[in-house]
Amino acid sequence: MIYFDEQKQVFHLQGNRFSYQMKIVDGVLMHMYWGSRLPSCDGDCLFTLAGEAASFDLPFNRRPREVPTQEKGYFGRRALDIVNSQGDDVLSLRYESHIIFSGKKALAGLPSSYTETEEEAQTLEITLADTFLNIQVVLSYTVFRDLDVLARSMRVINNGPDAVTLKDLQTAVCLPYDQYEAIHLKGGWAKERQAMRTPLPMGHFTIQSRRGASGHENNPFLALVKPETTEFSGEVYAMTHVYSGSFSASADVGMDLAPTMMMGFCPDVFSWQLNPGETFQGPEALLMYTKDGLNGLSALSHPFIRRHICRGYWRDRPRPVLINNWEATYFDFNAEKLYNIAKKGAEIGCELFVIDDGWFGKRNTDNCSLGDWVVNENKVEGGLKKLAERIESLGMMCGLWFEPEMVSPDSDLYRAHPDWCLHVPGRERTQARQQLILDLSRKEVQDYIIESVSAVLRSAPISYVKWDMNRNMTEGFSCVLPPRQKMETQHRYMLGLYRVLGEITARFPRVLFESCSGGGGRFDCGILCFMPQTWTSDDTDAAERVKIQYGTSLLYPCSSMGAHVSAVPNHQTGRSTPFLTRCHVAMGGNFGFELDLNKLSDEDLQCAKEAVAMVKELRGTMQQGTYARLSNPMTNGGSAAWQFTDQERIIVCIYHHQAAANQPPQSIRLTGLEEDAVYHDEAHNLTCSGAALMGMGLPLPYMRGDFKTLLYCFRKIS
Ligand code: GLA
């Protein structure tokens with residue numbers, strides 16, 4: 001998988017269907033190629049160095065370096081920016097050595113992709129050095145045997161006598177000169193990850209978060225595609241990273257018009273003092289290339305995230321059908337009310353009851369008690385253990401909501417430790433949702449969270465945790481860091497959070513953790529390393545959810561998306577959609593309910609019961625199968641279709657947004673079937689070849705009324 005051609009001085013990282021090549025030229029590590037698989041490195045003779053002809057700019061500046069830095073006047077965005085003790089930021093990195101080994105190492109302090117055995121991957125580490133400053137940079141590249149995802153990271157070692165300051169650290173890769181369009185996931189609270197496509201400007205294109213979390217507004221995902229790329233074909237270069245904090249994803253189109261794609265820290269909110277003898281580990285970026293369009297991208301990223309990012313007991317297990325009380329009760333509940341919702345859930349086959357916000361401290365509204373993780377026995381009469389045991393006696397697991405990174409000013413924790421929150425002494429501590437953020441860069445704060453959450457999890461049979469985080473950083477500074485290091489707070493916070501999550505998930509390995517941040521405000525591969533699923537959005541309106549889940553699915557697998565059926569009129573939009581539609585949309589992720597089943601009509605309750613049975617039957621395919629988008633709601637007036645495929649069956653879900661009179665005949669063409677095989681759908685009594693399903697497609701019947709859905713389930717019969 002990884003080769004070094006000594007004579008040509010070329011590194012060749014070769015996947016099943018991609019190649020990535022670098023070449024050492026006069027000691028400088030150049031980027032040579034990233035794209036479809038090459039049989040060898042003989043393309044070396046085609047590698048031209050732009051700007052060799054006479055030009056205003058030095059030839060050196062125009063060569064695609066693997067790690068562009070400030071050297072000889074490089075004017076593009078740099079991958080690594082270090083201000084040294086002399087106050088300048090010149091950095092001349094030259095090849096020093098390399099090693100190739102089986103498997104993959106973990107990154108110190110940060111989550112990263114992993115393998116279970118050494119045979120699954122090969123890793124190349126290249127050491128570059130600036131001998132003037134005595135700084136080493138170790139670049140790490142892992143090629144996985146089963147899936148064409150390249151994992152890259154960089155660590156910086158200061159062997160010099162003086163401290164230096166890291167100002168920026170990006171994983172950069174230069175793409176071939178061509179026309180591109182950028183695809184990214186834009187959003188906000190309750191409208192996360194709307195897939196946007198825009199021509200790449202001839203300049204600098206950046207999406208970023210300064211929020212101290214990956215955030216609702218942008219997602220750490222960027223794809224550059226050719227204008228002709230569709231869901232089904234065409235080239236895609238995509239990047240994400242395994243990090244949950246502020247980030248920057250960019251494409252820098254320089255004077256030679258070849259974009260340099262980058263993913264890394266957001267330099268506005270990052271800085272790091274690297275003392276003599278210390279090492280700084282940067283986050284891991286995941287690079288994906290395919291010629292098979294956007295579905296081809298998802299066919300790489302979904303199984304990769306399922307197998308090489310998510311981990312632990314629940315990784316491959318069927319995710320439980322849950323019922324959560326948030327939209328059913330908000331803060332207005334007692335033990336009996338919760339039990340009755342759970343009981344009805346058990347009657348229709350739900351497997352997990354989640355007690356959401358409001359069970360602790362004196363919390364009856366969102367203005368208090370975060371940090372006081374002690375059950376409120378006035379509401380949960382008899383305590384948590386008793387309620388959890390009663391729920392278990394219904395044959396269900398019991399889950400619990402926490403928001404451990406936060407503190408309410410009206411809490412015992414805040415009264416005891418007013419300096420434990422992020423703040424700037426002397427300035428107002430800006431509250432959002434009437435709460436402040438704990439300073440997770442501090443060990444004593446991390447330990448408090450670990451111990452207080454552990455104590456609750458030990459006190460009762462809790463099998464699931466919803467780990468929420470409901471605001472972003474404003475005065476995001478630690479009061480204990482010296483002035484020169486204040487700007488390190490955001491990254492130190494992330495390191496602290498990862499320590500806390502690593503410790504708690506190791507203590508409770510059988511607990512299923514679901515992350516949440518006001519819905520999907522922290523949906524990224526960093527958090528998925530600890531919690532295999534994320535609450536996709538607070539917007540539970542089926543019509544809007546289609547777009548959110550569609551965009552999210554570009555990168556993230558359905559098994560990572562929580563999706564619940566809620567009441568109508570919908571609490572976020574006031575819209576009413578049919579019950580079956582809400583079920584079909586929620587089947588696009590980890591299925592659950594977010595309503596009081598006791599309030600449903602007999603007809604809807606029956607529908608809910610049938611949906612649960614169907615999810616249990618089909619979830620193997622929906623959670624582990626190959627997922628393909630067939631019709632895009634962003635360009636089809638809100639209507640969408642998607643398909644799940646495995647050895648056993650093909651499931652197709654079609655969401656029809658708005659009815660119209662005199663609709664033209666439409667059909668949905670399936671994908672990835674065997675042309676000659678015959679497929680049968682019992683419910684609709686259809687039997688035909690894969691070729692016909694892919695060529696002619698499923699005809700859409702005339703649908704009266706808005707927000708109607710259809711679900712097909714085909715089996716191969718010959
Ligand atoms: C956030 C979550 C919701 C719910 C509330 C509770 O908004 O996204 O699902 O848990 O917090 O306060």
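The values are calculated or read from the model by the stated rules, or taken from the named source; none is laboratory data. All values reported here derive from a predicted model rather than from experimental measurement. FYI the Cβ positions are ideal-geometry reconstructions off the backbone, even for glycines, and counts take in every protein chain you see. These area figures cover heavy atoms from the full protein model, side chains too; ligands, DNA and RNA do not enter into them. Shrake-Rupley method; radii C 1.70, N 1.55, O 1.52, S 1.80 Å.
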- The orientation-averaged projected area of the Cα convex hull of region 1-101, in nm², is 8.1 nm²
- Note on the structure: The pairs in Lys167/Lys443; Lys337/Lys708; Lys105/Lys716; Lys105/Lys226 lying past 30 Å Cα-Cα in this model are Lys337/Lys708; Lys105/Lys716; Lys105/Lys226
- Express in whole angstrom the spacing between the alpha-carbon centres of region 475-532 and region 1-32. 35 Å
- Förster radius 41 Å - calculated FRET efficiency between Ala659 and Asp5, Cβ distance, rounded to 0.05: 0.10
- Over region 640-716, what per residue volume does the convex hull of the Cα atoms give, in whole Å³? 82 Å³
- Query: Which chymotrypsin sites (Phe, Trp or Tyr not before Pro) in region 670-709 pass both tests, a DSSP loop state and at most 13 other beta-carbon atoms within 10 Å?
  - Reply: Tyr702
- Computed [θ] at 222 nm, helices only, for the chain once each DSSP H run of length n ≥ 4 contributes -39500 (n - 2.57): -5500 deg cm²/dmol
- Roughly how many whole Å is it from the C-alpha centroid of region 647-718 to that of region 118-141? 50 Å
- With every protein chain kept in place and a 1.4 Å probe, the chain has an accessible area per residue in Å² of 36 Å²
- Query: How large is the Kirkwood hydrodynamic radius of region 424-511, in angstrom, based on all distinct alpha carbon pairs?
  - Reply: 14.5 Å
- Find the percent of Cα-Cα distances in region 2-309 that exceed 24 Å, and round it to a whole number. 51 percent
- Just the number, please: carbon plus sulfur as a percent of the accessible area of region 2-309, 1.4 Å probe, no ligands or DNA/RNA counted. 52 percent
- Share of alpha-carbon pairs per 10 Å distance bin for the chain, given as whole %: 3, 14, 24, 25, 19, 11, 4, 0, 0
- Message: How large is the direction-averaged shadow of the alpha-carbon convex hull of region 549-615, in nm²?
- Response: 4.6 nm²
- Mind checking which aspartates and glutamates have their C-alpha under 17 Å from Lys379, skipping anything on the same chain fewer than 8 residues away? Asp332, Glu336, Asp356, Asp357, Asp366, Glu389
- Query: Could you give the longest part of the chain that holds none of the trypsin sites (Lys or Arg not before Pro) found in DSSP loops with at most 10 neighbouring Cβ atoms within 10 Å?
  - Reply: 1-426
- Which percent of the accessible area of region 640-716 is formed by carbon and sulfur heavy atoms (probe 1.4 angstrom)? 49 percent
